[in-house]
Amino acid sequence: MKVQSTSPLPKRIQLKRARGWRKPEGSVVITRSSRYGNPFKIGDPGPDGTPMTREEVCRRFECEALPNISAADMEFLRGRDVVCFCKLEDMCHGDILLRRANQETHSSELCTGNPVPQDEVDVEH
Ligand SMILES: [Zn+2]
C-alpha cells in the first residue's frame, strides 16, 4: 500500500501575544472572536450546572457549534493551519476544526446518544 503525501497535514499553531509575532502566512485564526471560535467557555456552567471542562467545551463545540459553521467556511480551512491561544498540548476546538476540515468525516461518535436541546444553545453571546 502506497501513501503519497504531497503536502504536510495542516496543524495547530499557538497564538502568541509577543510583540512582533505574526501568524504564519496562510494560517487562520480561530479564537473566540473569529467565526470559527468556540462559543462554549471552560468554567461556564454546563447542562448539568457544573463548570465545564476543556474536554467538555470541545465536545460541545463539535456537537453543537460545528454544525453551524457553513460548508464554505469549512472549505476555506481545508489545507490551512489554524491559530489559537491554546497550548499545543491542550485539547482545543481547533483540533476538531482541523480534523473536520481535512477529512470527510461527519457526525462524531461523541455526539450520538447524547443529544442537547438546540434551544439551549445561545451562540450570540
Ligand atoms: Zn483553542
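Each reported figure results from applying straightforward, stated rules to the coordinates on display, with no laboratory input. Everything quoted here is computed from the prediction, not taken from an experiment. Backbone-built Cβ (ideal geometry, glycine too); neighbour counts: all protein chains shown.
Ile13 fulfils the conditions (1) over 18 Å from Gln103 (Cα atoms); (2) within 15 Å of the ligand (Cβ to nearest atom); (3) assigned to a loop (DSSP other than H, G, I, E, B) except for a single criterion, (3). The C-beta contact set for segment 76-90 (first residue within 13 Å of Arg17 (Cβ to Cβ), second residue assigned to a loop (DSSP other than H, G, I, E, B) and of a type outside the set (A, V, I, L, M, F, W, C), distance under 7 angstrom, 6+ apart or interchain) comprises Val83/Lys23; Val83/Ser27; Cys84/Thr31; Phe85/Thr31.
Of all the residues in segment 46-89, those that are touching a Lys or Arg at 6+ places or on another chain (Cβ under 8 Å), small (Gly, Ala, Ser) and closer than 21 Å to Leu15 by Cα number 0. Annotation note: of Glu25, Glu89, the sole residue that is loosely packed, with under 12 Cβ neighbours inside 10 Å, within 14 Å of the ligand (Cβ to nearest atom) and acidic (Asp, Glu) is Glu89. Residue-level check: of (1) out of contact with any Gly (no Cβ under 8 Å at 6 or more places or on another chain); (2) in contact (Cβ under 8 Å) with a residue 40 or more places away in the chain; (3) buried (at least 19 other Cβ atoms within 10 Å of the Cβ), Arg60 misses just (1).
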